[in-house]
Amino acid sequence: MRARPAGKGRDVKTPVIKAENVDLVFQTGDGPVQALSDVSLDVGRGEFVSFIGPSGCGKTTFLRCVAALEHPTGGSLSVNGMSPDNARKERSYGYVFQAAGLYPWRTIARNIRLPLEIMGYPKADQAARVQKVLELVDLAGFGNKYPWQLSGGMQQRASIARALAFDADILLMDEPFGALDEIVRDHLNEQLLALWARTGKTCLFVTHSIPEAVYLSTKIVVMSPRPGRIADVIDSPLPKERPLDIRDTPEFLEIAHRVREGLRAGHAYD
Amino acid sequence: MRSVLPILTVVLAILALWYGAAVALNARWTLDQAARAGQELTVSQIVSDTLQQERPKLPAPHQVGAELWKTTGAMALEGRAFSKRSLIYHGWVTLSATLLGFAIGAGAGILLAVGIVHNRAMDRSVMPWAIASQTIPILAIAPMIIVVLNSIGITGLVPKAIISAYLSFFPVAVGMVKGLRSPDAMDLDLMKTWGARAGQVFWKLRWPSSMPYLFTSLKVAMAASLVGAIVGELPTGAIRGLGARLLAGSYYGQTVQIWSALFGAAILAALLVGLVGLVQRITLKRMGMAR
């Protein structure tokens, strides 16, 4: 069950994440705020799903629900066939935040080792895993550097490596490249796609950028605010192999257009 | 070299002001003495006399310096560094109380901060009391501590150390509460996604994050400890320690002795704070946090 099917033999049919009519109401000082309303979504194994929408549309909140950092007030949500809380205990997912969140007093290698220490992996295994993921994100040779000695893009790659170090088959990313400039972001997007193809992880990716969402995803979830809800779900017809210049093709532009339409429809500019 | 010039300028300005003030303050006595003896004094005679009185209102810097040397270096050269007349001896008495009080105070401050950060009830209840404790003048509470402890047979080093600890726990507690809370929500969420236990969050995240705060507050606490130890020597009429030297000096109008004890205390404080700073530099460097 836990063995990950390799390569093309992925079973896309059984949903890894299944959300049915998920509601989340925050009780605030100004009264209740409906952060998520009636969100239903299936994510299949090995899919790359982007969540896009304006601020306050609940995309991050939904990701936090999957990670059991927030708890829905209504509906049902399962991750790997379990409750989100149990999925977390089973180390089902790695979470990447907008900031790299590397500890300044630990070297890159020891930062990546941190979750392994916490989860109690054997010492010898830790070193091997750190080495493996460092190579996976092209940071081999940087293990002994401190975070401040690395560029922002490298730091973010290190934080992705950290999320990959234990064998989670789901990768949750909350605007991981949001704070980086366009050129670095393009480069990292390309690397992320390669990483996804190689590891076969299921990726949930929150972004503000339409090109980023279209370029990366097999499925794009367009969300709209007040209350946070799904406006449109677009299955991308783009092939798995995606060079950067695919972004100039008519297919790409057509999907981008549909995303933009979805965003516009869901958002009253008043 | 660049930093030496401004420092020298300031030191020279202070010395000039000091000499000026010494002449102005001590001239009255010189003139009175001259009038009593029926003598007329020139300006240069007045100035030179004001700078070498035995009990001046304000001793001149060179007098304080000479007294400091006479009671420390000179005695050490004679092999009497720990004689009762030596400032080194009195400094050591105060230093031992300071260090013990600092250890108790810093330890208590850290424990309080850990409790405040991890326990809601302590968070609500302890801080106001800690703040209230510092609004009570230490001069008022020091004699009571000494008297109470004396009555149960505790004398000497420990009562002074407790007064030191009373002053030094507070900056450490405040600094460490801030330090232990310095990891942001994202850091804590990340720990949560890994299923970290409270102990792991503390030792792997909160404690290392708080190090810069810890050392900053330890410097303040060290200085406060020294003040506490000196204050602790005042109300008992102690015969040993820098506080005792200050007190004895003021009883007998030995202003030179008061000032030299004062400078002795200042030098001791500078050394102690410098020592904490050194440990800070080494620790942060070893942690990779110094760039």
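The values are calculated or read from the model by the stated rules, or taken from the named source; none is laboratory data. None of the values given here were measured: they were computed from a predicted structure. We place every Cβ from the backbone using ideal geometry, glycine too, and count neighbours over all the protein chains shown.
Against the conditions (1) closer than 15 Å to A:Phe166 by Cβ; (2) of a type in the set (S, T, N, Q); (3) outside the structural domain of A:Phe177 (by TED's automatic domain parsing), A:Asn80 satisfies every one except (3).
Inspect the range B:26-43 for any residue being modelled with pLDDT of 90 or more, farther than 27 Å from B:Met222 by Cα and aromatic (Phe, Trp, Tyr) and give the result as yes or no. No; the residues of the range B:26-43 include none that is modelled with pLDDT of 90 or more, farther than 27 Å from B:Met222 by Cα and aromatic (Phe, Trp, Tyr). Which condition number does A:Arg113 fail, the rest of (1) under 19 Å from B:Ala198 (Cα atoms); (2) assigned to a loop (DSSP other than H, G, I, E, B) being met? Here A:Arg113 clears every test but (2). Residues considered: B:Gly195, B:Gly199, B:Gly153. Of these, the only one that is small (Gly, Ala, Ser), within 14 Å of another protein chain (Cβ to nearest Cβ) and at positive phi is B:Gly195. Considering only residues that are among the basic types (Lys, Arg) and under 26 Å from A:Asn80 (Cα atoms), look in the range A:135-175 and name the one that is farthest from the other protein chains (Cβ to nearest Cβ). Restricting to residues being among the basic types (Lys, Arg) and under 26 Å from A:Asn80 (Cα atoms), the top hit is A:Arg157. Checked against (1) assigned to a loop (DSSP other than H, G, I, E, B); (2) surrounded by 18 or more Cβ atoms within 10 Å (Cβ to Cβ), A:Arg88 passes all but condition (1). Annotation note: Cβ proximity below 8 Å between a residue of the range A:245-263 that is of a type in the set (Val, Ile, Thr) and a residue that is assigned to a helix (DSSP H, G or I) (sequence gap 6+ or interchain) occurs for A:Ile246/A:Tyr215; A:Ile246/A:Phe252; A:Ile255/A:Val214; A:Val259/A:Ile210; A:Val259/A:Ala213; A:Val259/A:Val214. Here B:Pro183 meets the list (1) at pLDDT 90 or above; (2) in a loop (DSSP other than H, G, I, E, B); (3) under 28 Å from the mean Cα position of the chain (by Cα); (4) not aliphatic (A, V, I, L, M) almost entirely, failing just condition (3). If you go through the range A:91-110 and keep only what is under 11 Å from A:Phe166 (Cα atoms), touching a Leu at 6+ places or on another chain (Cβ under 7 Å) and assigned to a loop (DSSP other than H, G, I, E, B), you end up with nothing. Being loosely packed, with under 13 Cβ neighbours inside 10 Å and in contact with a helix residue (DSSP H, G or I) (Cβ under 7 Å, 6 or more places away or on another chain), is that true of even one residue in the range B:132-145? Yes - at least one qualifying residue is present in the range B:132-145. Restricting B:Gly115, B:Gly107, B:Gly153 to residues that are in a loop (DSSP other than H, G, I, E, B) and either surrounded by fewer than 19 Cβ atoms within 10 Å (Cβ to Cβ) or in contact with a strand residue (DSSP E or B) (Cβ under 6 Å, 6 or more places away or on another chain) (or both) narrows the list to B:Gly153.
Take the range B:207-228 and flag every residue that is part of a helix (DSSP H, G or I), in contact with a Leu (Cβ under 9 Å, 6 or more places away or on another chain) and within 14 Å of another protein chain (Cβ to nearest Cβ). Matches in the range B:207-228: B:Trp207, B:Ser209, B:Met211, B:Pro212, B:Tyr213, B:Phe215. Being basic (Lys, Arg) and under 24 Å from A:Ser50 (Cβ atoms), is that true of even one residue in the range A:150-166? So far as the range A:150-166 goes, yes, one or more of its residues are basic (Lys, Arg) and under 24 Å from A:Ser50 (Cβ atoms). The residue that is nearest to B:Leu214 (Cα to Cα), among those in the range B:101-130 that are among the β-branched types (Val, Ile, Thr) and at pLDDT 90 or above, is B:Ile110. So B:Arg240 fits all but one of (1) within 14 Å of another protein chain (Cβ to nearest Cβ); (2) among the charged types (D, E, K, R); (3) in contact with an Asp or Glu (Cβ under 8 Å, 6 or more places away or on another chain); what number is the exception? The number of the failed condition is (1). B:Ala266 satisfies every condition listed in (1) in a helix (DSSP H, G or I); (2) in contact with a Pro (Cβ under 7 Å, 6 or more places away or on another chain) except (2). Within the range B:2-33, work out how many residues are exposed (fewer than 10 other Cβ atoms within 10 Å of the Cβ) and either at positive phi or of a type in the set (Ser, Thr, Tyr) (or both). Counting residues in the range B:2-33 that are exposed (fewer than 10 other Cβ atoms within 10 Å of the Cβ) and either at positive phi or of a type in the set (Ser, Thr, Tyr) (or both) gives 1. Applying a threshold of 7 Å to beta carbon distances and a minimum spacing of six or more residues, or different chains, the list of pairs starting in the range B:129-142 at a residue that is closer than 17 Å to B:Ala161 by Cα and assigned by TED's automatic domain parsing to the domain that holds B:Ile230 and ending at one that is small (Gly, Ala, Ser) and in a helix (DSSP H, G or I) reads B:Ile138/B:Gly228; B:Ala142/B:Gly232.
Does at least one position in the range B:44-63 carry a residue that is assigned to a helix (DSSP H, G or I), out of contact with any strand residue (DSSP E or B) (no Cβ under 9 Å at 6 or more places or on another chain), surrounded by 17 or more Cβ atoms within 10 Å (Cβ to Cβ) and touching a residue at least 60 places away in the same chain (Cβ under 8 Å)? Yes: the range B:44-63 contains one or more residues that are assigned to a helix (DSSP H, G or I), out of contact with any strand residue (DSSP E or B) (no Cβ under 9 Å at 6 or more places or on another chain), surrounded by 17 or more Cβ atoms within 10 Å (Cβ to Cβ) and touching a residue at least 60 places away in the same chain (Cβ under 8 Å).
Looking at the range B:17-31, can you tell me whether even one residue there is outside the structural domain of B:Gln257 (by TED's automatic domain parsing), over 30 Å from B:Ile267 (Cβ atoms) and not aliphatic (A, V, I, L, M)? Yes, the range B:17-31 contains at least one residue that is outside the structural domain of B:Gln257 (by TED's automatic domain parsing), over 30 Å from B:Ile267 (Cβ atoms) and not aliphatic (A, V, I, L, M).
When B:Pro171 is tested against (1) within 14 Å of chain A (Cβ to nearest Cβ); (2) more than 30 Å from A:His71 (Cβ to Cβ), exactly one condition is not met: (1). The residue pairs whose first member lies in the range A:104-124 and is of a type in the set (S, T, N, Q), whose second member is surrounded by fewer than 18 Cβ atoms within 10 Å (Cβ to Cβ), and whose beta carbons are closer than 6 Å, counting only pairs six or more residues apart or on different chains, are A:Thr107/A:Asn144. Note on the range A:56-78: residues that are part of a loop (DSSP other than H, G, I, E, B) and farther than 18 Å from A:Ser92 by Cα amount to 5. Within the range A:118-131, the set of residues being surrounded by fewer than 14 Cβ atoms within 10 Å (Cβ to Cβ) and out of contact with any helix residue (DSSP H, G or I) (no Cβ under 8 Å at 6 or more places or on another chain) comprises A:Gly120, A:Pro122, A:Lys123, A:Ala124, A:Ala128. Is it the case, given these coordinates, that A:Gln126 is polar (S, T, N, Q), under 17 Å from the mean Cα position of the chain (by Cα) and within 14 Å of chain B (Cβ to nearest Cβ)? So A:Gln126 fails the test.
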